[in-house]
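**Student:** Here it is: the structure, laid out below.
The values are calculated or read from the model by the stated rules, or taken from the named source; none is laboratory data. All values reported here derive from a predicted model rather than from experimental measurement. Neighbour counts are summed over all protein chains in view; Cβ atoms, including those assigned to glycine, are modelled from backbone coordinates with ideal geometry. Side chains are part of the model used for accessible areas, which takes the heavy atoms of the whole protein and leaves out ligands, DNA and RNA. Shrake-Rupley method; radii C 1.70, N 1.55, O 1.52, S 1.80 Å.
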Amino acid sequence: MKSMGRTIFHLSAVFLASALPVFAQAPALQAPATVTAGQSFAIRGSGRGTFYLVGPSHVLKQNVDARQEIAIAGPDVSTSGSYQAILCSSDGCINTTFQVLPAAPNRLSFLLHPSRVPVNTPNAVNGTAIVSDRFHNTVIAPAKVDFRLSLAGEDISSRSVQSVRGIGWFEIGSRPKQGALQVTAALNDTTEPRVIQQVASEACGLRMSATPGPHAVTLQTEPIRDCAGNPLPDGTIVSFTKTDAAGKSTVDTPIKKDKATAKFEVSGPAHISVACGEALGNEISFAGRP
Amino acid sequence: MKLLSKTLTAVMLSATGVAILVARCGDLSVLAASLPKVVLSAEGLAPRTIEQRTGEVVTHDYAQAWQDLAGALDANRADLLGDYITGEAKTRLTQRISDQKKTGLRTLLVDNGHQVKAVFYSPDGGEMQLEDRVQLGIKITDGEKTIYSADVTQKYLVLMTPGADRWYLRSLESVPDKAF
């Protein structure tokens with residue numbers, strides 16, 4: 001009885017030993033559930049045939065004898081996303097799926113809006129930064145993004161935000177003083193500077209004076225500034241409008257060296273007004289020929 | 001200005017009836033014979049709210065982009081990507097198609113519909129981020145041989161940006177199940 005049991009044990013061992021190589025040759029693929037973008041790794045496989053790696057931006061096809069590991073080079077998995085590893089042999093195809101996750105954040109795409117903005121305007125400046133790794137994969141995990149704002153002659157101010165799904169953003173009002181507002185988005189050592197031109201806002205306290213001449217009256221504004229004292233840029237259009245018995249006539253003239261000038265012939269009673277953008281200035285009345 | 005709200009009426013997108021947008025319970029949906037079904041939800045979208053017309057266009061153009069990418073991956077033709085796909089999404093898909101051509105592979109996508117949630121719309125209206133949960137049938141062939149076939153639910157993080165007359169798919173990244 002005892003020897004019969006020993007014989008059965010030996011037969012089982014022999015059978016298993018002979019069967020094992022057969023099982024070992026059956027195709028199989030085993031990949032890590034997640035891999036970091038750009039990092040090489042290995043897929044454990046067994047079997048011989050054609051190996052495919054199909055990712056969002058890359059396809060790899062090679063013959064393998066996968067009794068050992070299939071080495072996957074970092075550049076083959078630089079794009080984050082879902083990958084299929086497929087091994088086809090004469091018995092058919094097997095596959096496994098794994099996810100490539102973004103590498104460490106080290107890039108910023110920074111969009112700042114607008115390029116020119118009037119001073120002292122609430123919520124007029126906004127910026128959006130998209131956080132990605134060195135392979136341009138959006139980094140979904142929260143990352144700290146700093147937005148630094150500086151205007152010549154003023155202290156630098158900054159605002160820190162945590163990115164959400166790879167996006168950090170801010171919105172602020174423009175400063176009271178005109179000039180180049182530099183806004184820099186920063187992520188660790190990566191910085192992306194942008195510049196917004198802050199320009200004078202609407203004219204404030206617009207006034208003109210008249211100088212009568214032999215045939216016409218010359219009108220000239222005082223230096224045109226916004227309510228914060230910033231001079232409106234040269235080229236800004238100022239409209240002078242004369243109203244008399246003949247009706248209305250308007251002269252549009254650009255600001256030159258902070259002032260705008262115009263000439264009107266006046267042959268009877270007339271009113272002349274001045275406007276710049278939404279700002280209305282004073283009116284001057286004439287009783288007749290100057 | 002009409003904002004995308006919970007009470008939207010049915011809107012015909014084009015006179016030819018190529019696609020019909022149907023509003024239901026705060027969602028915009030593209031139903032068409034030729035376009036994949038896309039249901040867009042914009043509830044809680046921030047920091048900018050979305051206007052109804054913008055929602056309609058984004059919904060349509062995203063569906064169109066998916067139709068284009070499916071056609072391009074099946075035919076191995078990168079030239080089909082140009083109308084609604086740009087930027088990194090186009091670069092990656094073009095590379096994938098180039099690799100497919102070299103290796104003799106093709107990918108057939110059966111698009112069974114998208115549940116899309118708009119999650120970020122920048123203050124200036126220059127970028128919109130979407131989360132998409134899509135049901136896909138995927139078949140990969142090498143010549144005549146099918147090497148992979150599966151029905152999957154895949155999640156994508158999407159970035160859309162506006163152009164002169166349409167919204168472009170700029171970034172399309174598949175993300176893990178637990179991502180959202």
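**Student:** Could you count how many residues in segment B:123-161 are of a type in the set (Gly, Ala, Ser) and under 21 Å from A:Phe51 (Cα atoms)?
**Tutor:** Going through segment B:123-161 one residue at a time, the tally reaches 3.
Each row is one residue, and each column tells you yes or no for (1) in the same structural domain as A:Gln62 (by TED's automatic domain parsing); (2) touching a Lys or Arg at 6+ places or on another chain (Cβ under 6 Å); (3) modelled with pLDDT under 90; (4) aliphatic (A, V, I, L, M).
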{"residue": "A:Phe9", "(1), (2), (3), (4)": "no, no, yes, no"}
{"residue": "A:Ser18", "(1), (2), (3), (4)": "no, no, yes, no"}
{"residue": "A:Val22", "(1), (2), (3), (4)": "no, no, yes, yes"}
{"residue": "A:Ala33", "(1), (2), (3), (4)": "yes, no, no, yes"}
{"residue": "A:Arg48", "(1), (2), (3), (4)": "yes, no, yes, no"}
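**Student:** Quick check on A:Val145: is it within 13 Å of chain B (Cβ to nearest Cβ), within 21 Å of B:Ala46 (Cα to Cα) and open to solvent by less than 80 Å² (accessible area, probe 1.4 Å)?
**Tutor:** Spelling it out, it is not the case that A:Val145 is within 13 Å of chain B (Cβ to nearest Cβ), within 21 Å of B:Ala46 (Cα to Cα) and open to solvent by less than 80 Å² (accessible area, probe 1.4 Å).
**Student:** What number of residues within segment B:143-153 satisfy the criterion of being within 12 Å of chain A (Cβ to nearest Cβ) and surrounded by fewer than 17 Cβ atoms within 10 Å (Cβ to Cβ)?
**Tutor:** 7
**Student:** Let me ask something else. So, A:Val59, is that one closer than 18 Å to A:Phe41 by Cα and touching a residue at least 60 places away in the same chain (Cβ under 8 Å) or not?
**Tutor:** No.
**Student:** Just to be sure I understand, how many residues within segment B:114-127 are farther than 19 Å from A:Thr128 by Cβ and open to solvent by 10 Å² or more (accessible area, probe 1.4 Å)?
**Tutor:** The qualifying residues number 1.
**Student:** Identify the residue in segment A:63-101 that is in contact with a Pro (Cβ under 7 Å, 6 or more places away or on another chain) and not aromatic (Phe, Trp, Tyr) and, among all such residues, is surrounded by the most Cβ atoms within 10 Å (Cβ to Cβ).
**Tutor:** The selected residue is A:Ser80.
**Student:** Looking at segment B:70-82, is at least one residue part of a loop (DSSP other than H, G, I, E, B), away from chain A (no Cβ under 11 Å), more than 13 Å from the chain's Cα centre (by Cα) and within 13 Å of B:Tyr168 (Cα to Cα)?
**Tutor:** Within segment B:70-82 (the criterion being part of a loop (DSSP other than H, G, I, E, B), away from chain A (no Cβ under 11 Å), more than 13 Å from the chain's Cα centre (by Cα) and within 13 Å of B:Tyr168 (Cα to Cα)), the answer is yes, since at least one residue qualifies.
**Student:** A follow-up question, please. Scan (1) over 27 Å from B:Lys90 (Cβ atoms); (2) open to solvent by less than 40 Å² (accessible area, probe 1.4 Å); (3) hydroxyl-bearing (Ser, Thr, Tyr) for the single condition A:Ser158 breaks and write down its number.
**Tutor:** It is condition (2) that A:Ser158 fails.
**Student:** Would you please name the residue that is farthest from the other protein chains (Cβ to nearest Cβ), looking only at residues in segment A:116-133 that are under 12 Å from the mean Cα position of the chain (by Cα) and either closer than 13 Å to A:Phe170 by Cα or free of Cβ contacts under 8 Å to residues at least 12 places away in the same chain (or both)?
**Tutor:** Only one residue fits best here, namely A:Ala129.
**Student:** To continue, here is another question. Out of segment B:49-69, which residues are open to solvent by 20 Å² or more (accessible area, probe 1.4 Å) and not in a helix (DSSP H, G or I)?
**Tutor:** B:Thr49, B:Glu51
**Student:** Hey, another quick one. Please identify the pairs in which a residue from segment B:128-142 that is away from chain A (no Cβ under 11 Å) and over 22 Å from A:Ala85 (Cβ atoms) has its Cβ atom under 9 Å from the Cβ atom of a residue that is among the small types (Gly, Ala, Ser) and assigned to a strand (DSSP E or B), counting only partners at least 6 apart or on another chain.
**Tutor:** As it stands, the answer is B:Gln135/B:Gly113, since those pairs meet every condition given.
**Student:** May I pose another question? Can you find, within segment A:58-75, the residue that is nearest to the other protein chains (Cβ to nearest Cβ) among those that are farther than 15 Å from A:Leu101 by Cβ and not in a strand (DSSP E or B)?
**Tutor:** The selected residue is A:His58.
**Student:** Only one residue in A:His136, A:His113 is within 28 Å of B:Leu105 (Cβ to Cβ) and within 12 Å of chain B (Cβ to nearest Cβ). Which one?
**Tutor:** A:His136
**Student:** Taking the condition in contact (Cβ under 8 Å) with a residue 24 or more places away in the chain, under 45 Å from the mean Cα position of the chain (by Cα) and open to solvent by less than 60 Å² (accessible area, probe 1.4 Å), does A:Phe240 pass?
**Tutor:** The answer is yes for A:Phe240.
**Student:** So, one more: Which one is modelled with the highest pLDDT, of the residues in segment A:243-270 that are farther than 23 Å from A:Pro176 by Cβ, in a loop (DSSP other than H, G, I, E, B) and open to solvent by less than 50 Å² (accessible area, probe 1.4 Å)?
**Tutor:** The qualifying residue modelled with the highest pLDDT is A:Ala260.
**Student:** Check off (1) under 29 Å from B:Thr153 (Cβ atoms); (2) of a type outside the set (Phe, Trp, Tyr); (3) at pLDDT 90 or above for A:Leu108 and give me the number that stays unchecked.
**Tutor:** (1)
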